[in-house]
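What follows is a short report on a single structure.
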Amino acid sequence: MDPVLTEEQRSIADVARRFAAERIAPGYQDRDRTGLLDRALVREMGSLGLIASELPDAVGGHGLDSVTSGLITEAIAYADINVAYCQILASLNGKVIAEHADPDLAREWIERLVTGDALVALGLTEPRGGSDAANLALSARRVGDTYVLRGEKSSISMADQADAIVLFARTGSAEDGARGVTAFLVQMVTPGITAKRYDDLGSRAIGRSSVFFDDVEVPAAWRRKARASSRSCRASTSRAP
(Lines give C-alpha, C1' and ligand atoms only; values in the text may rest on other atoms or scores of the structure.)
Protein backbone atom coordinates (compact mmCIF):
# COMPACT_ATOMS: atom_id res chain seq x y z
CA MET A 1 0.00 0.00 0.00
CA ASP A 2 1.37 3.39 -0.99
CA PRO A 3 1.07 5.75 2.03
CA VAL A 4 1.37 8.80 -0.25
CA LEU A 5 -1.92 8.09 -2.03
CA THR A 6 -5.34 8.69 -0.56
CA GLU A 7 -7.83 5.87 -0.15
CA GLU A 8 -9.89 7.26 -3.04
CA GLN A 9 -6.84 7.39 -5.32
CA ARG A 10 -5.91 3.79 -4.50
CA SER A 11 -9.48 2.65 -5.08
CA ILE A 12 -9.76 4.33 -8.47
CA ALA A 13 -6.35 3.01 -9.52
CA ASP A 14 -7.46 -0.51 -8.59
CA VAL A 15 -10.57 -0.14 -10.77
CA ALA A 16 -8.42 1.05 -13.67
CA ARG A 17 -5.95 -1.84 -13.29
CA ARG A 18 -8.73 -4.43 -13.18
CA PHE A 19 -10.42 -2.93 -16.21
CA ALA A 20 -7.10 -2.83 -18.08
CA ALA A 21 -6.31 -6.47 -17.29
CA GLU A 22 -9.79 -7.87 -17.92
CA ARG A 23 -11.17 -5.71 -20.75
CA ILE A 24 -8.26 -4.04 -22.55
CA ALA A 25 -5.26 -6.39 -22.60
CA PRO A 26 -7.11 -9.39 -24.13
CA GLY A 27 -8.07 -7.34 -27.22
CA TYR A 28 -4.64 -5.84 -27.95
CA GLN A 29 -3.88 -7.99 -30.99
CA ASP A 30 -7.37 -7.62 -32.43
CA ARG A 31 -7.10 -3.83 -32.24
CA ASP A 32 -3.71 -3.98 -33.91
CA ARG A 33 -5.13 -6.07 -36.76
CA THR A 34 -8.19 -3.90 -37.35
CA GLY A 35 -6.41 -0.59 -36.75
CA LEU A 36 -9.40 0.72 -34.83
CA LEU A 37 -10.41 1.64 -31.31
CA ASP A 38 -13.55 -0.07 -30.05
CA ARG A 39 -15.89 2.83 -29.31
CA ALA A 40 -18.01 0.63 -27.03
CA LEU A 41 -14.88 -0.07 -24.98
CA VAL A 42 -14.16 3.67 -24.81
CA ARG A 43 -17.69 4.36 -23.57
CA GLU A 44 -17.29 1.59 -20.98
CA MET A 45 -14.19 3.36 -19.66
CA GLY A 46 -16.16 6.57 -19.55
CA SER A 47 -18.97 4.97 -17.57
CA LEU A 48 -16.41 4.02 -14.90
CA GLY A 49 -15.00 7.55 -14.74
CA LEU A 50 -11.69 6.51 -16.28
CA ILE A 51 -11.33 9.28 -18.89
CA ALA A 52 -9.83 12.67 -18.02
CA SER A 53 -11.09 12.52 -14.45
CA GLU A 54 -9.35 15.81 -13.57
CA LEU A 55 -11.48 17.99 -15.86
CA PRO A 56 -13.51 20.51 -13.82
CA ASP A 57 -17.02 19.59 -12.74
CA ALA A 58 -18.19 23.12 -13.59
CA VAL A 59 -18.11 22.14 -17.28
CA GLY A 60 -19.18 18.51 -16.96
CA GLY A 61 -16.01 16.80 -15.72
CA HIS A 62 -15.42 14.82 -12.53
CA GLY A 63 -13.26 17.42 -10.79
CA LEU A 64 -10.69 14.97 -9.40
CA ASP A 65 -6.97 15.64 -9.08
CA SER A 66 -4.24 15.22 -11.69
CA VAL A 67 -2.51 12.46 -9.71
CA THR A 68 -5.63 10.32 -9.97
CA SER A 69 -5.80 10.98 -13.70
CA GLY A 70 -2.16 9.97 -14.03
CA LEU A 71 -2.73 6.73 -12.11
CA ILE A 72 -5.59 5.83 -14.45
CA THR A 73 -3.55 6.59 -17.56
CA GLU A 74 -0.62 4.52 -16.27
CA ALA A 75 -2.88 1.53 -15.62
CA ILE A 76 -4.55 1.69 -19.03
CA ALA A 77 -1.23 2.20 -20.86
CA TYR A 78 0.22 -0.89 -19.17
CA ALA A 79 -2.40 -2.93 -21.05
CA ASP A 80 -2.38 -0.98 -24.33
CA ILE A 81 -0.73 2.38 -24.98
CA ASN A 82 -3.13 2.88 -27.89
CA VAL A 83 -6.17 2.88 -25.63
CA ALA A 84 -4.38 5.17 -23.17
CA TYR A 85 -4.43 7.85 -25.87
CA CYS A 86 -8.11 8.24 -24.95
CA GLN A 87 -6.99 9.43 -21.51
CA ILE A 88 -3.97 11.41 -22.71
CA LEU A 89 -5.75 13.33 -25.46
CA ALA A 90 -8.95 13.83 -23.46
CA SER A 91 -6.95 15.37 -20.61
CA LEU A 92 -4.87 17.56 -22.90
CA ASN A 93 -7.62 18.73 -25.22
CA GLY A 94 -10.24 18.82 -22.49
CA LYS A 95 -8.13 21.27 -20.51
CA VAL A 96 -7.84 23.56 -23.55
CA ILE A 97 -11.58 23.37 -24.20
CA ALA A 98 -12.53 23.85 -20.55
CA GLU A 99 -10.35 26.95 -20.11
CA HIS A 100 -10.71 28.66 -23.48
CA ALA A 101 -13.98 27.68 -25.19
CA ASP A 102 -17.33 29.36 -24.77
CA PRO A 103 -18.85 27.83 -21.59
CA ASP A 104 -21.80 26.21 -23.37
CA LEU A 105 -19.53 24.73 -26.04
CA ALA A 106 -17.09 23.57 -23.37
CA ARG A 107 -19.78 21.80 -21.37
CA GLU A 108 -21.13 20.02 -24.44
CA TRP A 109 -17.75 18.59 -25.44
CA ILE A 110 -16.35 17.94 -21.96
CA GLU A 111 -19.41 15.88 -21.08
CA ARG A 112 -18.95 13.86 -24.27
CA LEU A 113 -15.22 13.42 -23.65
CA VAL A 114 -15.46 12.08 -20.11
CA THR A 115 -18.30 9.68 -20.97
CA GLY A 116 -16.37 8.30 -23.95
CA ASP A 117 -18.98 9.50 -26.43
CA ALA A 118 -16.44 11.66 -28.27
CA LEU A 119 -12.79 11.48 -29.23
CA VAL A 120 -10.86 14.70 -29.86
CA ALA A 121 -7.50 14.88 -31.63
CA LEU A 122 -4.78 17.51 -31.20
CA GLY A 123 -3.89 19.43 -34.38
CA LEU A 124 -0.51 21.07 -33.81
CA THR A 125 2.26 19.34 -35.79
CA GLU A 126 2.93 20.42 -39.39
CA PRO A 127 5.24 19.12 -42.16
CA ARG A 128 7.44 22.21 -42.22
CA GLY A 129 7.97 23.08 -38.57
CA GLY A 130 7.07 19.96 -36.63
CA SER A 131 5.48 20.79 -33.29
CA ASP A 132 6.92 24.31 -33.10
CA ALA A 133 3.80 26.23 -32.08
CA ALA A 134 5.35 29.55 -33.11
CA ASN A 135 6.11 28.35 -36.63
CA LEU A 136 2.72 27.24 -37.94
CA ALA A 137 1.62 27.75 -41.53
CA LEU A 138 -1.98 26.47 -41.58
CA SER A 139 -4.02 29.65 -41.96
CA ALA A 140 -7.34 30.79 -40.53
CA ARG A 141 -8.87 33.73 -42.40
CA ARG A 142 -11.84 35.63 -40.95
CA VAL A 143 -14.82 35.90 -43.30
CA GLY A 144 -17.84 37.38 -41.54
CA ASP A 145 -18.96 35.05 -38.76
CA THR A 146 -16.67 32.21 -39.87
CA TYR A 147 -13.00 31.38 -40.24
CA VAL A 148 -11.73 29.66 -43.37
CA LEU A 149 -8.97 27.12 -42.70
CA ARG A 150 -6.40 26.12 -45.29
CA GLY A 151 -3.28 23.99 -44.86
CA GLU A 152 -1.97 20.67 -43.57
CA LYS A 153 -1.27 19.01 -40.25
CA SER A 154 0.96 15.93 -40.03
CA SER A 155 1.50 13.01 -37.66
CA ILE A 156 -1.84 13.63 -35.94
CA SER A 157 -2.79 10.80 -33.59
CA MET A 158 -6.33 9.41 -33.84
CA ALA A 159 -7.26 11.93 -36.57
CA ASP A 160 -9.24 9.53 -38.74
CA GLN A 161 -11.26 8.26 -35.76
CA ALA A 162 -11.80 11.52 -33.90
CA ASP A 163 -15.08 13.41 -33.76
CA ALA A 164 -13.31 16.77 -33.50
CA ILE A 165 -9.86 18.29 -33.40
CA VAL A 166 -8.37 21.10 -31.31
CA LEU A 167 -6.63 22.84 -34.18
CA PHE A 168 -3.92 25.48 -33.91
CA ALA A 169 -3.92 27.84 -36.89
CA ARG A 170 -2.29 31.11 -37.89
CA THR A 171 -4.61 34.10 -37.65
CA GLY A 172 -1.80 36.66 -37.70
CA SER A 173 1.33 37.11 -39.80
CA ALA A 174 4.37 34.84 -39.71
CA GLU A 175 6.28 37.67 -38.01
CA ASP A 176 3.84 37.48 -35.07
CA GLY A 177 5.20 34.07 -34.11
CA ALA A 178 3.16 32.38 -31.37
CA ARG A 179 1.13 35.56 -30.83
CA GLY A 180 -0.43 35.08 -34.26
CA VAL A 181 -1.70 31.55 -33.51
CA THR A 182 -5.23 30.73 -32.34
CA ALA A 183 -6.93 27.46 -31.34
CA PHE A 184 -10.19 26.28 -32.90
CA LEU A 185 -12.47 23.36 -32.11
CA VAL A 186 -13.27 21.79 -35.48
CA GLN A 187 -15.62 18.89 -36.13
CA MET A 188 -13.95 16.31 -38.36
CA VAL A 189 -17.08 15.84 -40.49
CA THR A 190 -16.82 19.46 -41.66
CA PRO A 191 -16.63 19.65 -45.48
CA GLY A 192 -13.12 20.14 -46.83
CA ILE A 193 -11.31 17.93 -44.27
CA THR A 194 -9.51 14.79 -45.44
CA ALA A 195 -7.16 12.49 -43.52
CA LYS A 196 -4.52 10.13 -44.89
CA ARG A 197 -3.33 7.54 -42.40
CA TYR A 198 0.27 6.36 -42.05
CA ASP A 199 1.17 2.67 -41.90
CA ASP A 200 2.68 2.50 -38.41
CA LEU A 201 4.02 -0.40 -36.39
CA GLY A 202 2.82 -0.80 -32.82
CA SER A 203 0.25 1.98 -32.90
CA ARG A 204 -2.20 0.89 -35.56
CA ALA A 205 -5.20 1.01 -33.24
CA ILE A 206 -4.77 4.70 -32.54
CA GLY A 207 -3.20 5.59 -35.88
CA ARG A 208 -1.46 8.75 -37.12
CA SER A 209 -2.48 10.76 -40.15
CA SER A 210 -1.81 13.78 -42.27
CA VAL A 211 -4.92 15.99 -42.20
CA PHE A 212 -5.71 18.42 -45.01
CA PHE A 213 -7.93 21.50 -44.66
CA ASP A 214 -9.20 22.81 -47.97
CA ASP A 215 -11.15 26.02 -47.30
CA VAL A 216 -12.82 24.54 -44.23
CA GLU A 217 -15.37 26.89 -42.67
CA VAL A 218 -15.58 27.05 -38.87
CA PRO A 219 -17.94 29.28 -36.86
CA ALA A 220 -16.14 32.17 -35.17
CA ALA A 221 -17.81 31.07 -31.91
CA TRP A 222 -15.67 27.90 -32.02
CA ARG A 223 -12.48 29.92 -31.84
CA ARG A 224 -10.53 30.23 -28.59
CA LYS A 225 -12.43 32.66 -26.43
CA ALA A 226 -10.52 35.92 -26.06
CA ARG A 227 -9.55 36.90 -22.52
CA ALA A 228 -8.27 40.34 -21.59
CA SER A 229 -4.91 40.26 -19.86
CA SER A 230 -4.54 41.77 -16.41
CA ARG A 231 -2.38 44.51 -17.96
CA SER A 232 -5.13 45.36 -20.47
CA CYS A 233 -7.72 45.39 -17.71
CA ARG A 234 -5.62 47.77 -15.62
CA ALA A 235 -5.05 50.04 -18.59
CA SER A 236 -8.77 50.14 -19.38
CA THR A 237 -9.57 50.93 -15.77
CA SER A 238 -7.03 53.72 -15.59
CA ARG A 239 -8.54 55.39 -18.66
CA ALA A 240 -12.12 55.09 -17.43
CA PRO A 241 -13.79 58.37 -16.46
> In segment 7-38, what residues are open to solvent by 60 Å² or more (accessible area, probe 1.4 Å) and either within 23 Å of LEU201 (Cα to Cα) or basic (Lys, Arg) (or both)?
Replying inline: ARG17, ARG18, ALA21, ARG23, PRO26, TYR28, GLN29, ASP30, ARG33, THR34, LEU36, ASP38
> Under the condition of being touching a residue at least 12 places away in the same chain (Cβ under 8 Å) and closer than 17 Å to ARG208 by Cα, which residue from segment 126-150 is most open to solvent (accessible area, probe 1.4 Å)?
Replying inline: PRO127
> Which of the residues spanning segment 97-117 are open to solvent by 10 Å² or more (accessible area, probe 1.4 Å) and of a type outside the set (Asp, Glu)?
Replying inline: ALA98, HIS100, ALA101, PRO103, LEU105, ARG107, ARG112, THR115
> Among the residues of segment 76-92, which ones are more than 17 Å from ALA121 (Cα to Cα) and open to solvent by 10 Å² or more (accessible area, probe 1.4 Å)?
Replying inline: ALA77, TYR78, ALA79
> Looking at segment 42-73, which of its residues are over 17 Å from the mean Cα position of the chain (by Cα), in a helix (DSSP H, G or I), without any contact (Cβ under 8 Å) to a residue 60 or more places away in the chain and within 21 Å of THR6 (Cβ to Cβ)?
Replying inline: ASP57
> Taking the stated definitions as given, is ARG170 over 30 Å from LEU64 (Cβ atoms), without any contact (Cβ under 8 Å) to a residue 24 or more places away in the chain, among the charged types (D, E, K, R) and open to solvent by 10 Å² or more (accessible area, probe 1.4 Å)?
Replying inline: no
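The values are calculated or read from the model by the stated rules, or taken from the named source; none is laboratory data. Because the structure is predicted, anything quoted here is derived from the model rather than measured. As a convention, Cβ positions derive from the backbone with ideal geometry for all residues, glycine included, and neighbour counts pool all protein chains shown. Note: areas computed on protein heavy atoms with side chains; ligands, DNA, RNA excluded. Shrake-Rupley method; radii C 1.70, N 1.55, O 1.52, S 1.80 Å.
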